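The values are calculated or read from the model by the stated rules, or taken from the named source; none is laboratory data. Since the model is a prediction, treat every value here as computed from it, not as a measurement. A quick note on method: Cβ atoms are made from the backbone with ideal geometry, for glycine too, and the neighbour counts reach across all protein chains shown. Ligands, DNA and RNA are excluded from the accessible area calculation, which covers all protein heavy atoms including side chains. Shrake-Rupley method; radii C 1.70, N 1.55, O 1.52, S 1.80 Å.
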Amino acid sequence: MKYIFDEIVDRTRTNSYKWDIADDELPMWVADMDFRTAPEVIESVIKRAQHGVFGYSTIPDEWYSAYINWWRSRHNVEYQKNDLIFSTGVIPIISSCVRKLTTPAENVLIMTPVYNVFYNCIRNNGRNVQEFSLDYKNGEYSIDFEKLEKALSDPQTTLMLLCNPHNPIGKIWDKETLAQIGELAYDNGVTVISDEIHCDITDPGCEYIPFASVSKKCRDNCVVCISPTKAFNLAGLQTAAAVVCNSRLRHKVWRALNTDEVAEPNAFAVQAAVAAFEQGGEWLDELRPYLYDNKQVVSDYLAKKIPQIKLIQSDATYLLWLDCTSFGITSNELAKHIRKSTGLFLSSGDIYGSKGCFLRMNIACPRTVLQEGLERLAKAVELL
């Protein structure tokens, strides 16, 4: 391999949200990676920093081209320059759209369990969370479309937040499923915001389907949130894009992002994104098998050492969803016990709206660190 992912990078004392912990703790919760980003991205940031002047920035044509070419070549979807709007992040896009595309006390539908910050984007803006629980059976999540149609037909429901691929369960929604979601949303006057930030972290041989590529109804009725931040570990650089193909909807989103002042890049946001998409492909192509192998390490370890915990099969993200219902306690109780007894910090499933006892584990780390995390998990189970 050209790139090394086994190197342990000390992230303590770097103002890292993830690593702001006690000395004996091991964080495997927040969704960022413990790998250095692609060298090409680092070089672009260093080059920009060496210039030494960090004034206000504009969005050059190369930023648009980088996104357009990446999604064309990697994901077989054609976006136009006018479709793209820069933003400082996916969550700012979602929050701004919740404020602009809905009115106070209207419903925003989310399919749970789902990324916990979706709740914040809705509640903090005075809207109602409409939880639609995914069906769970034999370790597999699915959508009951009769129930979804009923939920979307509520005249108080005007917006739906879609996670594609889905965090935390790691599911890639297939084309037929996305088409049905798009059809129901369009026919009931519900706009879809599709959070596709994890789209480039898929298992080798697996590919996600961009929501806007599925049908005309999907394309005309959605705001797509995309970014290099998950795939290339750039969250701290605050760089993302909203893709809106419908001109009237795009104007509303453009107004929302500019009104909220989240449509201007910092001095490194453009350069890093361009370098990632134009030069980082080889690095990503080596990262994905490494993450997949990490997933297999967890699967084998659980089967042999902790069979009480069931790993939910997934095809995307570096976040594993662990079914711990056999312990007969809540996910919050279990997460607290694991952290207190071993220092291993995992995310409690209840914050994602899960039913039953689930944990989320971030495996985007060197294999030796992953092994230590699994050993701590086994010890915690022994002490239950």
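Confirm whether residue 372 is acidic (Asp, Glu) and either touching a residue at least 12 places away in the same chain (Cβ under 8 Å) or at positive phi (or both). Yes. Evaluate segment 243-252: report whether one residue or more is of a type outside the set (D, E, K, R), touching a Phe, Trp or Tyr at 6+ places or on another chain (Cβ under 9 Å) and open to solvent by less than 10 Å² (accessible area, probe 1.4 Å). Within segment 243-252 (the criterion being of a type outside the set (D, E, K, R), touching a Phe, Trp or Tyr at 6+ places or on another chain (Cβ under 9 Å) and open to solvent by less than 10 Å² (accessible area, probe 1.4 Å)), the answer is yes, since at least one residue qualifies.
Does segment 30-50 contain at least one residue that is over 20 Å from residue 286 (Cα atoms), open to solvent by 90 Å² or more (accessible area, probe 1.4 Å) and either of a type in the set (Gly, Ala, Ser) or assigned to a helix (DSSP H, G or I) (or both)? Yes: one or more hits.
If the requirement is being hydroxyl-bearing (Ser, Thr, Tyr), touching a Pro at 6+ places or on another chain (Cβ under 8 Å), in contact (Cβ under 8 Å) with a residue 40 or more places away in the chain and over 20 Å from residue 185 (Cα atoms), which of these qualifies: 88, 37? Let's see the steps before the verdict.
Working: 37 fails: touching a Pro at 6+ places or on another chain (Cβ under 8 Å).
Exactly one residue qualifies, and that residue is 88.
Checking the stated criteria, residue 19 turns out not to satisfy the condition of being of a type outside the set (Val, Ile, Thr) and touching a residue at least 40 places away in the same chain (Cβ under 8 Å).
Can you find a residue that is of a type in the set (A, V, I, L, M) and either open to solvent by 20 Å² or more (accessible area, probe 1.4 Å) or part of a loop (DSSP other than H, G, I, E, B) (or both) anywhere in segment 94-102? Before you say what the answer is, go through the steps one by one.
Within segment 94-102, the first condition is being of a type in the set (A, V, I, L, M), and the residues that meet it are 94, 98, 101.
Next, from what is left, pick out any that are either open to solvent by 20 Å² or more (accessible area, probe 1.4 Å) or part of a loop (DSSP other than H, G, I, E, B) (or both): 101.
Yes, because at least one residue in segment 94-102 is of a type in the set (A, V, I, L, M) and either open to solvent by 20 Å² or more (accessible area, probe 1.4 Å) or part of a loop (DSSP other than H, G, I, E, B) (or both).
A single member of 287, 257, 237 is in contact (Cβ under 8 Å) with a residue 12 or more places away in the chain and in contact with a strand residue (DSSP E or B) (Cβ under 8 Å, 6 or more places away or on another chain), and it is 257.
Taken over segment 150-178, the criterion of being more than 27 Å from residue 104 (Cβ to Cβ), over 16 Å from the mean Cα position of the chain (by Cα) and open to solvent by less than 10 Å² (accessible area, probe 1.4 Å) is satisfied by 178 alone.
Among residues of segment 177-199 that are of a type in the set (Phe, Trp, Tyr), those with a Cβ under 8 angstrom from a residue that is open to solvent by less than 20 Å² (accessible area, probe 1.4 Å), sequence gap 6+ or separate chain, pair up as 186/218.
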